[in-house]
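What follows draws every value from the coordinates through simple rules; no lab data is involved. Quick caveat, the model's predicted, so the values are computed rather than measured. We place every Cβ from the backbone using ideal geometry, glycine too, and count neighbours over all the protein chains shown.
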Amino acid sequence: MDNLVNTLTNSDFLIAALAAISAAAVVFTLGSSLFGGGSQIKERIKRVALEREKMRALEMARLRGGGPEEQRSIRRVAGREYMKNVVDRFSLQKLFADEKTVDKLAMAGYRGQGPLTTFLFLRFVTPFVVFVVAFAYMSFTIFADRPLWMNAVYALFVGILGAYLPVLLLKNRTIKRQKSVRRAWPDCLDLMLLCVEAGMSVEHAFKRVSKEIGLQSAELAEELTLTTAELSFLEDRTRAYDNLGKRTGLDGVKAVMTALIQAERYGTSVGQSLRVMAEEGREQRMMDAEKKAAALPPKLTVPLIVFILPVLFIVIISPALIRVFATNFNT
């Protein structure tokens, strides 16, 4: 028993155990990133397939002259009933939603009535939840000695700020999604140009590129797959291009979609348009890289002054200080 305690309290054993745990964590992280990416892409492609089936049912219902009851039953697939009841009871769609809310949700990757209902429900419920949590935290911890009405006022202020929490989360999700799409878009244009010049149609080019670009950007692959479905089922092909530009919200994607719309409308060469846009995309990516490189020295100034220069001064001055102190001590 004493040997076991001595072994567990030994510093060498603890260092070796922590090193083994760190190595296992690194291996697990790398393995999950390598083997989990495929499942994530498959999940996104599955969601797009469901969206395509929904779109097909809507188009078939519209062509057959289906009434609003059929469309309402299709739109009701997503979203929970209690959220929908709260949204309808308090008319939250008129209170929180406008004509741009659906577009903002689409930019973040949320499409359909279900995510809209969830977003409106969260905007309504979040202030009350934040108020209760803040009031309980203040009353039992930092402001326990203060009156309850004062804690309630502070918690009310925090709850009002918490009303914007779903908006901030949605914006953060949109920024991350746009960053992923922007990074992979020039390579996507090059692949589309190769496919079109090889003799493929635009639909087959979108479908092929969506499979190839999935490892680099699953978000862009999802959008291209959905555009392929829209090109197959929508009567006006230009609507599919316009929808892709709206869903991404990026100026570069909108410019390419405008060029494809003009090529579709006026019969110009799609390959030539894609070639010009691909060159502009590569130049834009190079300009972004140069901009980041130019912004690097100012960003390194503060870490250099705070962390590196003090250590450098200590290393330079320490021998002289040690010698001075040693001389004074000897004398």
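Estimated from the Cβ-Cβ distance and a Förster radius of 51 angstrom, the FRET efficiency linking E264 and L309 is about 0.30. Among S217, S269, S139, the ranking by other beta carbons within 10 Å of each residue's beta carbon, starting with the fewest, stands as S269, S139, S217. Taking a ≥ b ≥ c as the square roots of the eigenvalues of the Cα gyration tensor of segment 233-295, is the shape rounded (a/c under 1.5), prolate (a/b larger than b/c) or oblate? Because a/c hits 1.5 or more and a/b fails to exceed b/c, segment 233-295 counts as oblate. With the highest mean first, a sort of the peptides 223-230, 256-263, 93-100 on other beta-carbon atoms found within 10 angstrom per residue produces 223-230, 256-263, 93-100.
On full extension, the segment bounded by K246 and I175 gains 24.1 nm, given 0.36 nm per residue less the C-alpha separation. Mean separation of Cα pairs under 8 Å and 6 or more residues apart, divided by the residue count, gives segment 177-294 a relative contact order of 27 percent. So, in Å, what gap is there between the alpha-carbon centers of segment 187-249 and segment 82-142? Going from one Cα centre to the other spans 32 Å. Each of Y164, Y110 has some number of other Cβ atoms within 10 Å of its Cβ, and from fewest to most they run Y164, Y110. Normalised by residue count, segment 78-163 yields a Cα convex hull volume of 113 Å³ per residue. When segment 177-294 is described by a simple charge dipole with +1 on each Lys and Arg Cβ and -1 on each Asp and Glu Cβ, the residue from I213, S232, Q262 located farthest towards its positive end is I213.
Of the residues Y137, Y241, Y266, Y154, the one with the fewest other Cβ atoms within 10 Å heads the list, and the complete ranking is Y266, Y137, Y154, Y241. Rounded to the nearest 20 debye, the dipole size of segment 78-163 about its Cα centre is 120 debye, using +1 on the Cβ of Lys and Arg and -1 on the Cβ of Asp and Glu. When the alpha carbon gyration tensor of segment 97-237 is reduced to an equivalent ellipsoid, its three semi-axes come out at 47, 16, 9 angstrom, largest first.
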